[in-house]
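Everything below concerns the one structure shown next.
Coordinate-derived values only; no laboratory data. Treat the numbers as computed from the prediction; the structure is a model and nothing was measured. As a convention, Cβ positions derive from the backbone with ideal geometry for all residues, glycine included, and neighbour counts pool all protein chains shown.
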Amino acid sequence: MFDTTLTWNDLAFLAQGAAMTLAVTAVSVTAGTVLGIIFGVLRVQLGAVWAAPLTFVLDVFRSVPLLIQLVLGNAIQAIAKLGWAPFTTSCVVLSLYTAAYCSEIIRGGIEAVPATTRRAARSLGMTWWQDMRYIVAPLATRVSLPAWIGLTLGVMKDSALVLWLGLIELLRASQILVTRLQEPLFILLICGVIYFVISFPIARFGGYLEKRWSPND
Amino acid sequence: MKFSVLAFSLLATTVLTSQAHADKLDDIISSGTLRCAVVLDFPPMGSRDESNNPIGFDVDYCNDLAKALGVTAEIVETPFPERIPALMSGRVDVGVASTSDTLERAKTVGMTVPYFAFEMAVTANEKSGVKSFEDMKGKVVGATAGTYEAIALEQQVKAWGAGEFRPYQTQADVFLALSQGQLDATVSTSTVAQANVKTGKFPGIAVVGKAPFDIDYVALFTNREEYGLINYLNLFINQQVRTGRYAELYGKWVGGEVPSLSVNGVYR
């Protein structure tokens, strides 16, 4: 099992792939979360009827397989002659995909804040903004956090699909090594371990925040 | 006020249309980068070395092309089915990817003149006495079942009416049987034959000559409307042969007799 031709060079190559996975995930989750919050708040404020077009578009992003979104996104940027690099295209598509899921999480979080609490806040003379900032945000964040951590971990693993656009991320780097060294089991095992090493701290950090933010009752 | 709006729109139109007139050759030179689609799991044309950097005939060819254009080369790895989609979606400028110049593909992309040719080579066991394709008559021959060369060879054995044809599951099995003397000779692509002989895993075999089967000519390709670039690529291929660089690269990556890139009796 440990009789392998894998060298430190190859491990460095895998590490570069992992860095690409992290970069794509970081950009997509950040942009996706910002967009998701905007869309989520809009959907709650506008109400089901007026938000229907937005909901429909977001549903499209949630229901079409990510691989197809990436390939189509890449084709569209080519037809529109935008000249985006594969990294840009990947991040844009993944951000929209993340935003679609995130808006749902945010909407759920906001709706979990009791209407009575919000009305009480407004009766005290708080503006809409103050109500959102000091009442809704803290409560909704607590409700949304576990789902958001799950989304982040999901996007990190889904980001492997960007290899289709030619980006050499962790999975593609392992594939390249498998082609060259013909040791699929060992290399994929290492690849799996690296994914775990990246994901585990995020999951634990989420667990820590949940604990810290839990009500003291 | 009206005049300035008019002047601005005129200026904008001029700028936009003049940009549209710059062709791909200009774009590559001004961007300073030539992006080549290369297949990297197809040695010796394209593969990766111990540090996972791209190497191979196609990689060197792309680097030569970039040097001629005065830009830097960027190797974009594309699996076989992704070569043309990568060009169409604008991820690469040129395909240097051992692409057969079929008429079907030429409906989609612009093909240059051939830059490489996969010939069929005869590899024989040294004890068999086979020195050419004709010597295979009456001998025990074999090839990888289902491949183009296996079908052609089996038909040839039937036409000769002497000898025996044996199909094998993989290319490695064929060379093993050849090395052990179960086979007298085989026919395979010249690159495959040379690569297997070079590994040293199969002692007692040698590439002895060419087989008169169809030659697989491969061409560079780019967008079919980019005549300026295709013109440049054709001249580049011509210069590679003329300066001896083609023979040099062939010797470096494949070895043996350099295949001719022209077809007798016809232009292009």
| note | Per the 1/(1 + (r/R0)^6) rule, R0 = 30 Å and r from the Cβ atoms of A:THR7 and B:THR170, FRET efficiency to 0.05 is 0.60
| Under a 5 Å amide H to amide H cut-off, with H placed in plane at 1.01 Å, what residues pair with B:THR108 once short-range neighbours are removed? | none
| field | Number of partner chain Cβ atoms within 10 Å, mean per residue of B:86-92 | value | 5
| message | Could you tell me the calculated FRET efficiency between B:TYR227 and B:VAL266, based on Cβ-Cβ distance and R0 = 30 angstrom, to the nearest 0.05? | response | 0.90
| request: Give me the distance between the Cα centres of the stretch A:1-41 and the stretch B:22-50, rounded to whole Å. | output: 25 Å
| request: Note the angle between two axes, namely the Cα long axis of helix B:148-160 and the longest principal axis of the Cα atoms of chain B, as a number of degrees from 0 to 90, rounded to the nearest 10. | output: 40 degrees
| Euclidean distance of C-alpha centroids, the stretch B:53-119 and the stretch B:146-175, integer Å | 32 Å
| query | If each of B:LYS137 and B:GLU74 carries a label point 7 Å out from its Cα toward its Cβ, how far apart are those two points in nm? | reply | 5.7 nm
| message | If each DSSP helix of 4+ residues adds -39,500 (n - 2.57) and the sum is divided by the residues in chain B, what number results at 222 nm, nearest 500 deg cm²/dmol? | response | -12500 deg cm²/dmol
| field | Antiparallel content of DSSP bridges confined to chain B, in %, to 5 | value | 60 percent
| remark: Note on the stretch A:1-80: the mean projected area of its alpha-carbon convex hull, in nm², is 9.0 nm²
| Given labels modelled 7 Å from the Cα in the Cβ direction, how far is it in nm from B:GLU257 to A:GLN16? | 4.1 nm
| Near B:LYS137, which lysines are there with a Cα under 24 Å away, not counting those fewer than 8 places off in the same chain? | B:LYS127, B:LYS158, B:LYS210
| said: Under the rule a/c < 1.5 gives rounded, and otherwise a/b versus b/c splits prolate from oblate, where does the stretch A:8-213 land using the Cα gyration tensor? | reply: oblate
| Looking at chain A, do any whole DSSP H helices span at least 15 angstrom along their long axis by alpha carbon and average 1.6 or above on Kyte-Doolittle, and which? | A:66-79
| Which of the lysines could a cross-linker bridge to B:LYS67, judged by Cα under 18 Å and excluding same-chain residues fewer than eight apart? | B:LYS24
| Does anyone have the angle between helix B:227-242 and the longest principal axis of chain B? Alpha-carbon axes, 0 to 90°, nearest 10? | 40 degrees
| Tensor-based shape of chain B (alpha-carbon gyration tensor, a/c under 1.5 rounded, otherwise prolate or oblate) | prolate
| field | Share, in percent, of DSSP beta bridges within the protein assembly as shown that are antiparallel, nearest 5 | value | 60 percent
